[in-house]
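Notes to accompany the following structure.
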Amino acid sequence: MKNLNTHYIDGAWVAPLSSTSFPIKNPANDSVIGTVALGSAADVDRAVAAASRAFATFSRTSKAERLALLERLLEVYTARLEDMSWAITSEMGAPIDMSRNEQAGCGIEHIKDFIRVLKDHDARETLPSGDVLYREPIGVCGLITPWNWPISQIALKVLPALAVGATCVLKPSEHTPLSAAIFAEIVHEAGYPAGVFNLVFGDGAEVGSAMSRHPDIAMMSFTGSTRAGILVSKDAADTVKRVALELGGKSPNLVFADNGADLKARVEASVISCFHNTGQSCNAPTRMLVERSCYDEVVNIAAVAAQAQTVGDPAQPGDHIGPLFDQIQYDRVQRMIQIGMDEGARLIAGGLGKPDGFESGWYTQPTIFADVTNQMAIAREEIFGPVLVLIPFETEDEAIQIANDTVYGLAAYVQTGDAERAERVCAALQAGTVTINGQSTNYGSPFGGYKQSGNGREGGTFGLEDYLELKVRGGLGLPV
């Protein structure tokens, strides 16, 4: 049993002022593997006070000093990679190979990228007008991260804050505290001054809201559901703080008949991408829009690909997918599968219930519906599980119209053998990221969405900007 009964505040592990605890569960078997002590608004006050004191000095550190700290952070994180990998596998069910290579492994790449970005970053420049522009750390940052990619989101928020000289208070998901605690240990071992980074465990209603409302927090960065992001924005409104949001998605994947001989490979890869992380990614390509002339062929390819997708114990190596995160998520996915059946969509793979041999834990069958319309609930709501819907279209214009007919705009995908079409369709899609023929974006490129998928961007140079204030001055007003 792992007992996380302290929070990391002002450079030390301290007992919370609240007595509330929360179970840490392994989704592979629903066993309780530990408990975490949840904080309160009073714990947030302590953490913000520590971060405010630290900001007075940390904000004045040189770029060279902050680069040295990031380089040390990279060393320590790399040494703790295996610990981080197993923590994520245990608390959220990511298969260990995927956890090691992606879930935990991305932390290394994010640190490397922000080191690169900071080296090229200029805090002062002369504008074409002759005025001088200063880029300064914004202040104390409140950071709220989700359970589905716990370290990726922690890194994309904490690292730019530390890189520019801001300080922060992190509230990770109460469901995935093990990886967050290890990250705090890494920050401590790297030698960051007390109060620069603070960790308060807690839920959104208590700790998250207290952070969003806090008058001494200058900006909030939140990743999670659109519903929760709206609440963060409302709580932050009274203090007019900056709010950056990375929210939900229902990403379209446009499959054109002009793929030719590559059609089978592109569809198979698309199915695997949808099921990756057990479908628990906000940018998953969950709506496959298929040109009518190749629709029947794609339906057959997708069904075979889904049947080939293995489900397995996350503690075992391999390219299988693991369980859903918890019972609430399992119940939601099952409910949405039932809704799809009730709506008249044609079930071509998977369905209700658990896969054979997985009676315990929150495993679900990789599922595909065909003959879906974009007005069905399964095409409009974010299911957050391994559920793919296939929607036919006749023309390129219709495909774009269906793709954009959503409140979301986080990501989009295009499969085509026509380079001109790829450019044309990419320009028309309302999404923050477009992946063409499986060529995904790289570390350092901005990640974020249109519409109700959020605002702001994370990663690379753009990822620093949310943590900076701009100041402009004219001439010095002194005699020449």
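Each reported figure results from applying straightforward, stated rules to the coordinates on display, with no laboratory input. Keep in mind the model is a prediction, meaning the values are calculated, not measured. We place every Cβ from the backbone using ideal geometry, glycine too, and count neighbours over all the protein chains shown.
Which three numbers, in whole Å and largest first, are the semi-axes of the equivalent ellipsoid of the stretch 252-436 derived from its Cα gyration tensor as √(5λ)?
Value: 27, 17, 15 Å, ordered largest first.
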The rounded separation in angstrom of the Cα centers of the stretch 425-440 and the stretch 114-179 is 26
Distance in nm between label sites at D397 and D326, each 7 Å beyond Cα in the beta-carbon direction? 4.8
Counting sequence-distant residues (5 or more places) and residues on other chains, those with an amide H built under 5 Å from that of N253 are R287, M288, L289, Y413
Point-to-point label distance, D30-A237, nm (Cα→Cβ direction, 7 Å offset): 4.0
Among A155, M376, V140, whose Cα sits farthest toward the positive end of the charge dipole of the chain (+1 at Cβ of Lys/Arg, -1 at Cβ of Asp/Glu, about the Cα centre)? V140
Go through the chain and flag any cysteine with no other cysteine's C-beta closer than 4.7 Å, please. C106, C274, C282, C294, C426
Once you have the Kirkwood Rh of the stretch 336-480 from its Cα pairs, apply Stokes-Einstein at 25 °C and 0.890 mPa s and quote D in µm²/s. 132
Please report, in debye to the nearest 20, how large the charge dipole of the chain is about its Cα centre when each Lys and Arg carries +1 at its beta carbon and each Asp and Glu carries -1 there. 1260
Taking the dipole about the Cα centre of the chain, with the C-beta of Lys and Arg at +1 and of Asp and Glu at -1, give me whichever of A180, A190, S31 is farthest to the positive side. A190
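Tell me the net charge near E109. Cut-off is 12 Å between Cβ atoms, E109 excluded, with +1 for each Lys or Arg and -1 for each Asp or Glu.
Details: positive: K112, R116; negative: E102, D113.
Taking every other residue near E109 into account, the sum is 0.
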J(HN,Hα) series, the stretch 378-388, from Karplus relation 6.51 cos²θ - 1.76 cosθ + 1.60, nearest Hz, glycine and proline x: 5, 9, 10, 9, 6, 7, 6, x, x, 10, 10
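Given only helices, namely DSSP H runs of n ≥ 4 each adding -39500 (n - 2.57), what is the per-residue ellipticity at 222 nm of the chain, to the nearest 500 deg cm²/dmol? Before the final figure, lay out each step's value.
On the way: 15 runs with 181 residues, N = 480.
It lands at -11500 deg cm²/dmol.
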Determine which lysines satisfy two conditions relative to K250: a Cα distance under 27 Å, and not lying fewer than 8 residues away in the same chain. K157, K171, K234, K264, K354, K451
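Just want to confirm a number: the relative contact order over the chain, from Cα pairs under 8 angstrom separated by 6+ residues, in percent.
Numbers: 1104 pairs, mean separation 86.7, N = 480.
Averaging sequence separation for qualifying contacts and normalising by length gives 18 percent for the chain.
How do V44, V472 line up, fewest other C-beta atoms within 10 Å first? List each step's numbers first, then the result.
Values: V44 29, V472 10.
So the ranking, lowest neighbour count to highest, is V472, V44.
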So how long is each side of the stretch 102-221 along the principal axes, counting just the alpha-carbon atoms, biggest first, in Å? 51, 34, 26
Peptides 12-20, 352-360, 121-129: what's the order by average Cβ count within 10 Å, highest mean first? 12-20, 352-360, 121-129
